[in-house]
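Beneath this line is the structure, given in structure tokens, with notes to follow.
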Amino acid sequence: MARGLLGRWTLLVPLLWGCGLALPGGMLYPQESASRERKALDGLWSFRADFSDNRQEGFEQQWYRTPLRETGPTLDMPVPSSFNDVGQDERLRSFIGWVWYEREVALPQRWTQDLGTRVVLRIGSAHYYAIVWVNGVHVIDHEGGHLPFEADISKLVQTGPLTSCRITIAINNTLTPHTLPPGTIDYMTDTSKYPKGFFVQEIYFDFFNYAGLHRSVFLYTTPTTYIDDISVTTGVDQDTGLVDYHIFIQGTEHFHVEVYLVNEEGEIVARETGDQGQLQVPNAHLWWPYLMHEHPAYLYSLEVRLTVETGAGPVSDFYTLPVGIRTVTVTKNQFLINGKPFYFHGVNKHEDSDIRGRGFDWAVMMKDFNLLRWLGANSFRTSHYPYAEEMMQLCDQYGIVVIDESPGVGIKLPQSFSNVSLQHHLEVMEELVRRDKNHPSVVMWSLANEPSSFLKPAGYYFKMLAAHTKALDPSRPVTFVTNTKYDVDLGAQYVDVICVNSYYSWYHDCGHLEVIQPQLKTQFEDWYRTYEKPIIQSEYGAGAIAGLHHDPPLMYSEEYQSRLLEEYHLVLDQKRKEYVVGELIWHFADFMTDQTPLRILGNKKGIFTRERQPKSAAYFLRKRYWRIANETYQPAVSSVPRY
Ligand code: BDP
């Protein structure tokens, strides 16, 4: 294959960089209300991978101009899902380059005839780079595989009697040193060893680079004067809950906004008018992580009503935002929620399961939440990229605390610390904060996972990233997850909480469980002495093949996995009395990776299998998590198993 693989890509990316850092517009989750309609385009889409040598055939032949089936053979592709594991064709599983998705949608006549209606196309996640056309007209490009983007397509669908539209999305999963996550394409030109045109995508992270339309694509409507964004921060003054809000209106400067805060019983507890203000709630029910309080995860509804007077009468827009009133504070040795010490006993997750790859799935999400509760986990980190919005909403409802991580994983190469990369990373943080800022479950932003934070440019890189993220959201602490040694890490000075990954007795001193206690103790003491900041053990764990047993414990047996956790826990139990504020097991469930000799159909460090069945370590960890919950939270919830 020729190097044209990246041709169009490299051409387009600089256009985005030119946009500067102020993101235009909000990214509220589409919802139905008295003024809004929504259509989810889940289901089968037409799909075609561009197998041409330079991957440019689709652009050369303008596949977006006519129905995709007229350009050549197409497949039916489920959305949401990754395209990789659905078919039986190895070429598609490992495909790198452009794939094309298309869907024809019938629209209600009121969407296409009423010029007071704004029709928006919103793509929840397209991994990695996307170009979108509607009825053959280019509407938007987007870089980044894990955050939503949208385009106003009213003008394209309100052109006459036509009440359908054809949506075409070209997606490229190629990773370069400047994408997030980064990667490189290596071309193998020695034809005595490799077939002509052979190349591989190198990645610097440990999960399969699934691609496609991973989340729902929505069409939704608003009036042409509409609520574009809502920003809420909460505080507490004695028993009074404080909700500071800012509503962003588009389409007019002359509007009337009413804001109501409604409790779970449906009663209005506070009201205000105007696009900015503070709602005060006497005797407020605070949002607590579940297990921590008898009324966990209490959510109010912020009902926003916009009214605009027009010549033809008043036009209204309505949007309802769930609001949890809570505070987050960090001291030098504690992480406090509502002023009380919070200990993260949770997991690291991936969006990964079976043939759907990383595609969102309601059943998998519910199973995972049920498993989290079964386990007694109170938190997770969105390793190593932002998760579906539906998942964040459920965390708000169920009281699961989230460390919200950007896709900054595998930042290893010096080029990936360049200004070009930094600029993109800053934008991704903007997109992430814009999307997730109102979730009470999100208590901290994670900028990256295991970057080469010992490299010289890492200091400036993380200084800028941390400062920018804090400027975007002064209400939450910031971290990044490190596996660099404490005395050479150049980024840790800029974070509020130190998150450390370590794999004692797994990647080093293999099989020697007896090294864990001294090494882990030293790790914590070194970090705390140097930085005097609270520490989270953000990853630790061991691989285990479900059903593989060996006593005495040997690596990859279920026994070894449990024993390794036990050794870690002995030190964690000492240090959590001092300054360790959390432990997140690596990993919640087995997950797919690239093929390497160290991985057997994926990473097996899950305490659940990829099919979500428990290994022995899950029972072991469950006892611990519920024990910590029983010890820590008062009053204990009656449904808590008492170990
Ligand atoms: C850590 C990475 C994680 C890997 C894990 C492992 O943060 O993504 O999957 O190691 O090796 O370094 O299992």
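Taken together, the values in this text are just the output of simple stated rules run on the coordinates, not laboratory data. Predicted, not measured: the structure shown is a model, and the values here were computed from it. Positions of Cβ are backbone-derived with ideal geometry, glycine not excepted, and every protein chain shown enters the neighbour counts.
Annotation for residue 355 and residue 265: the two label points, set 7 Å from Cα along the Cα-Cβ direction, are 5.0 nm apart. Net length available on complete extension from residue 600 to residue 90 is 181.8 nm, with 0.36 nm assigned per residue and the Cα-Cα distance removed. Kindly identify region 251-327 as rounded, prolate or oblate by the Cα gyration tensor criterion: order the square roots of the eigenvalues as a ≥ b ≥ c, call it rounded if a/c is under 1.5, otherwise compare a/b with b/c, prolate if a/b is larger, else oblate. It comes out prolate by the Cα gyration axes. Pairs of Cα atoms nearer than 8 Å and 6+ residues apart set the relative contact order; for region 500-568 it is 33 percent. Peptide packing: for 374-381, 60-67, the average count of neighbouring Cβ atoms within 10 Å per residue gives the ranking 374-381, 60-67, highest mean first.
Under the convention that each Lys and Arg Cβ holds +1 and each Asp and Glu Cβ holds -1, the size of the dipole of region 420-470 around its Cα centre is about 160 debye.
What does the C-alpha gyration tensor say about the overall shape of region 124-175? Classify as rounded when a/c is under 1.5, otherwise prolate if a/b is larger than b/c, or oblate. Note, shape of region 124-175 comes out prolate. Based on DSSP H segments of at least four residues, each scored -39500 (n - 2.57), the chain has a per-residue ellipticity at 222 nm of -6500 deg cm²/dmol. Pull out a ≥ b ≥ c, the square roots of the eigenvalues of the alpha-carbon gyration tensor of the chain, then state rounded if a/c is under 1.5, prolate if not and a/b is larger than b/c, and oblate in the remaining case. Since a/c reaches 1.5 but b/c is at least a/b, the shape of the chain is classed as oblate. Under 19 Å from a label point set 7 Å out along the Cα-to-Cβ vector of residue 152, the amide N atoms of region 125-141 belong to 132-135, 137-141. Listed peptides 222-232, 207-217, 622-632 appear in the order 207-217, 222-232, 622-632 once ranked by packing, highest mean of other Cβ atoms within 10 Å at the front. Within the shell defined by Cβ-Cβ distances under 9 Å, the residues around residue 305 carry a net charge of -3, with Lys and Arg each +1 and Asp and Glu each -1. Shown is the FRET efficiency for residue 38 and residue 470, computed with R0 = 30 Å from the Cβ-Cβ distance and rounded to the nearest 0.05: 0.35. Taking region 129-172 and a reference point 7 angstrom along Cα→Cβ of residue 113, the backbone N atoms nearer than 17 Å belong to 157-165. Helices of the chain meeting both criteria, an alpha-carbon length of 15 angstrom or more along the long axis and an average Kyte-Doolittle score not below 0.0, with helices taken as full DSSP H segments, are 7-17, 362-375, 458-472. Computed from label points 7 Å out along Cα-Cβ, the spacing between residue 239 and residue 253 is 4.5 nm. Positive end of the dipole of region 82-216 (Cβ unit charges, origin at the Cα centre): among 172, 140, 99, the Cα lying farthest that way belongs to 140.
Which FRET efficiency value, to the nearest 0.05, do you get for residue 295 and residue 525 by plugging their Cβ-Cβ distance into 1/(1 + (r/R0)^6) with R0 = 41 Å? My answer for the efficiency is 0.60.
Each of 223, 498, 413 was placed along the dipole of the chain (beta-carbon charges, centred on the mean Cα), and the one lying farthest toward the positive end is 413.
From least to most packed, judged by other beta carbons within 10 angstrom and beginning with the fewest, 462, 59 follow the order 59, 462. Rounded to the nearest 20 debye, the dipole magnitude of the chain is 840 debye, with +1 charges on Lys and Arg beta carbons, -1 on Asp and Glu beta carbons, and the Cα centre as origin. Each residue, residue 487 and residue 363, gets one label point 7 Å from its Cα in the Cβ direction; the gap between the two is 5.4 nm. With an 8 Å cut-off on Cα pairs and a minimum separation of 6 or more residues, tell me the relative contact order of the chain in percent. Contact order relative to length: 12 percent.
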